[in-house]
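Written out below as structure tokens is the structure these notes cover.
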Amino acid sequence: MNTLFRTCPQSGLQFDKTAETLMKANAVAGVVFLLVGGILALLVTLTRWPAVHLLPADTFYMTLTAHGIDMLIFWIIFFEIAVLYFCSSTLLRCRLATPRLAWLAFALMLIGSVTANVAIFRGDSSVMMTSYAPMQAHPAFYLGLILFAVGALVSCFIFLGTLVIAKAENTYEGSIPLVTFGALTACIIAVFTIASGAIILIPTFLWSVGLISHIDPLMYKTVWWAFGHSSQQINVSAHVAVWYAIAAIAFGAKPMSEKVSRTAFLLYILFLQLASAHHLLTDPGISSEWKIFNTSYAMYLAVLASMVHGLTVPGSVEVAQRKKGFNKGLFEWLRKAPWGNPVFSGMFISLIGFGFLGGISGVMMGTEQLNLIVHNTLYVPGHFHATVVVGTTLAFMALTYFLIPVLFRREVILPGLAKWQPYLFGIGMGAFSLFMMGAGTLGVSRRHWDIAFAGSPMAYEYPATAYLLLGLMAVSGLVAMVGGAAYLLITVGSLLWGKKLEPVSYRKETVPLRLAPGAPAIEAHGGVGVGGFAAPGTFVLALVFLVSFVLYYFINWKYLSQTWGLS
Amino acid sequence: MSNTNEATPPERIPVMQHILDNPFLLLFLGVAMPTVFYIVWGVMEIVTIPVAK
Ligand code: HEM
Ligand SMILES: [Cu+2]
């Protein structure tokens, strides 16, 4: 084996040379798709802003299809593969399994993503990211997605193979670290996700070339969502792992309880994917038993797990901060947190935005009865821009600021702008999501080119507030886009022009140093806290969360009760 | 010191930790659960919808 290793002088992390190059390639490919998707976001947003109404209808639907796929599938999954390689090879200090195969997987993903984009921009595949049959796209559209999925699946098995190697070669002691365990959760969900995608996209591809005569729409929709929704759960697991990693990197924070956090990940593995059923809540033909089992009894266990993570990450930060002497009152630890460091601020805004905006709206929508109020309205993209953009995308952005020096060996350029970037992006996107949800609550449809219905025989008149909310949505979207552009400028600029850090030498053997990224971990929780609580500030935050959650939930039941008068 | 090492029996690892330490068992569980409850159950309901005459 000709594996070469280097140790990062800043972080003490050890990189396998090929794994390092693979991480760079996947992360860069992801960022390129973020750029493309971001330009498309601008066009889509300016079209949904009634005062601007930029694109004609057909271009709008083509652009929206490309935005959904480039962002949700290509940007996120390329970056996630980089995270998987990092969490296995780097964190376990071992060589990556089958690096050649990993390059093949990367090539498949790249060819697949370019193929799908070509198909979309030809203009005959504007089927939206969900591509519901019987709408038919060009065969190259399905083929591109299939190639991409195969590549991603191979990468997942390379991750698992690396775990096996690390165990066999004894590069770590005891259990794998919590962050790697989170990545394992993401990987497991990815295997199910991609397999479901293959099960439905392969027949659909054959149908598009004429080899199969018919695809049942309900069957398509059911199996497609095992892919479409579960892929969001890969994101959740991955960004939660990133939160834990950043808490450890920025504070040397240790999880409050490894056992509790791991059990929460186990709940994800068992239950998170069942929630896919919320996409079929209004479909006839499937029983309420199936819907209710999959979306409530099972899903709430997964929601519980998210609440555990949402509590233990800030909790561990609070304990670490209190140990450092920021022990006054409830919130000194938070006030004195490094808010000017984008690694921390990005992570924290991601956590709060994901929990308060994405989490609460998700549970509301996932309730069979309440779903009727907002099904297929702008509320839905409002919800998932809070989860997958404020949550996942911002967490990945925060991680990038750590990776630029550690992985790419460059200094981050424009540090002043980098400081503001998470606020622009996170707060802009948070407001964007809220205004979208507001418009959705008034019934404004998602994926709708013209809510004024100009020239149509059966117009519907939306209240003026809906127009106002769409305007506010667009303006906040623009703020977020400035934040997104700043991220792209900083990352691409740093890779091209950032000051090179001192060169490192590669050697043949690994250093059997035991895992301690960043500062040394804190041993116990004794001696800090208020009134017997180790993390009282986090406890108060959790209570605020719970109260908002319960209030909002019941407000929506009230709303529902007013939809149809009984007298 | 070496005596005490020999005297203590190897530390018993809790069952739960055994499960959490086995990635392939977790992989099996994580694929089996949604396959059974979501896909198989869902698809069975769809294929038993009577066809309109
Ligand atoms: C500044 C950043 C962004 C802005 C302003 C933005 C804006 C929008 C807008 C206006 C829509 C159309 C909603 C509709 O008409 O139904 C949309 C759809 C969508 N966006 Fe974004 N977006 C951004 C970033 C992202 C990111 C980072 C992701 C994924 C990681 C994403 C995923 C999606 C998806 C999946 C759709 C739905 C496509 C469909 O309905 O088929 N967006 N976005
Ligand atoms: Cu979903």
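What is the extension gain from A:Ser175 to A:His375, computed as 0.36 nm multiplied by their sequence separation minus the C-alpha to C-alpha distance, in nm to one decimal?
Taking 0.36 nm per residue and subtracting the Cα distance, the gain is 67.7 nm.
What does the net charge come to around A:Phe326 if you take all other residues with beta carbon closer than 14 Å to its beta carbon, with K and R at +1 and D and E at -1?
Combined, the nearby Lys, Arg, Asp and Glu give +4.
What list do you get for A:Thr282, A:Thr392 if you sort them by fewest beta carbons within 10 Å?
A:Thr282, A:Thr392
Residue by residue through the range B:30-47, which ³J(HN,Hα) values in whole Hz follow from phi under the Karplus form 6.51 cos²θ - 1.76 cosθ + 1.60 (θ = phi - 60°), with glycine and proline marked x?
Running phi through 6.51 cos²θ - 1.76 cosθ + 1.60 with θ = phi - 60° gives x, 8, 5, 3, x, 5, 6, 7, 9, 6, 5, 4, x, 5, 4, 5, 5, 6 Hz.
Past 22 Å, Cα to Cα: identify those pairs from A:Lys17/A:Lys419; A:Lys259/A:Lys336; A:Lys336/A:Lys499; A:Lys336/A:Lys419; A:Lys221/A:Lys291; A:Lys24/A:Lys499, in the order given.
A:Lys17/A:Lys419; A:Lys259/A:Lys336; A:Lys336/A:Lys499, as the Cα separations exceed 22 Å there.
What is the set of long-range amide H partners of A:Thr377 at a cut-off below 5 Å, with H atoms built 1.01 Å from backbone N?
Distant-sequence amide H within range of A:Thr377: A:Arg446.
Using only alpha carbons, build the gyration tensor for the range A:380-507 and give me the equivalent ellipsoid semi-axes, biggest first, whole Å.
Semi-axis lengths for the range A:380-507 are 41, 12, 12 Å.
So if R0 is 35 Å, what FRET efficiency would B:Lys53 and A:Ile202 give, r being the distance between their Cβ atoms, rounded to the nearest 0.05?
0.65
Taking H placed 1.01 Å from N in the peptide plane, check which residues at least 5 places from A:Arg410 or on another chain put their amide H under 5 Å from its amide H.
Amide H neighbours of A:Arg410: A:Leu501.
Pairing the Cα long axis of helix A:415-441 with the longest principal axis of chain A, what angle in degrees results, from 0 to 90 and rounded to the nearest 10?
30
Tell me the label-point distance for the pair B:Ala32, A:Ser213, using the 7 Å Cα-to-Cβ offset, in nm and rounded to one decimal.
Result for the modelled spin labels: 3.9 nm.
Between A:Leu496 and B:Arg12, what's the calculated FRET efficiency when r is the beta-carbon distance and R0 is 41 Å? Round to 0.05.
Here the calculated transfer efficiency is 0.15.
Quick one: pull the percentage of alpha-carbon pairs in the range A:124-205 with a separation above 22 Å.
41
I want to check the label-to-label distance for A:Val118 and A:Arg335. Put each point 7 Å from Cα in the C-beta direction and report it in nm to one decimal.
If labels sit at A:Val118 and A:Arg335, their model points lie 6.0 nm apart.
Relative to the longest principal axis of chain A, what angle (0 to 90°, nearest 10) does the C-alpha long axis of helix A:258-271 take?
30
In percent, what relative contact order does the range A:372-464 have, based on Cα pairs under 8 Å that are 6 or more apart in sequence?
48
Per residue, what volume in Å³ does the Cα convex hull of the protein assembly as shown take up?
Enclosed volume per residue, from the Cα hull, is 189 Å³.
Defining a contact as two alpha carbons under 8 Å apart and six or more residues distant in sequence, what relative contact order in percent does chain A show?
RCO, chain A: 17 percent.
Could you pull out every residue, at least 5 positions away or on a different chain, whose amide H is within less than 5 Å of the one on A:Ser125? Hs are placed 1.01 Å off N in the peptide plane, and Pro or chain starts have none.
Amide H neighbours of A:Ser125, under 5 Å, 5+ apart: A:His138.
Can you list the HN-Hα couplings for the range A:84-100, worked out from phi with the Karplus curve (6.51, -1.76, 1.60; θ = phi - 60°), rounded to whole Hz and with x for Gly and Pro?
Values, residue by residue: 4, 5, 5, 6, 9, 4, 6, 5, 8, 6, 9, 6, 7, 5, 5, x, 4 Hz.
Relative to the longest principal axis of chain A, what angle (0 to 90°, nearest 10) does the C-alpha long axis of helix A:464-497 take?
Rounded to the nearest ten degrees, it is 30.
With an 8 Å Cα cut-off and a minimum separation of 6 or more residues, compute the relative contact order for the range A:35-138 in percent.
Averaging sequence separation for qualifying contacts and normalising by length gives 31 percent for the range A:35-138.
Taking K and R as +1 and D and E as -1, what net charge do the other residues with C-beta under 13 Å from the C-beta of B:His18 add up to?
0
Arrange A:Phe549, A:Phe15 by Cβ neighbour counts within 10 Å, fewest through most, would you?
A:Phe549, A:Phe15
Spelling out what I want: for every residue of the range A:217-223, take phi, set θ = phi - 60°, compute 6.51 cos²θ - 1.76 cosθ + 1.60 (Karplus), and round to whole Hz; glycine and proline get x.
3J(HN,Hα) across the range A:217-223, in whole Hz: x, 6, 4, 4, 4, 5, 6.
At a 10 Å Cβ-Cβ cut-off, how would you order B:Thr48, A:Thr47, A:Thr59, fewest neighbours first?
Neighbour counts put them in this order, fewest first: B:Thr48, A:Thr59, A:Thr47.
Values in this text are rule-based calculations from the coordinates and carry no lab data. Worth saying up front: this structure is predicted, and the values here are computed from it rather than measured. As a convention, Cβ positions derive from the backbone with ideal geometry for all residues, glycine included, and neighbour counts pool all protein chains shown.
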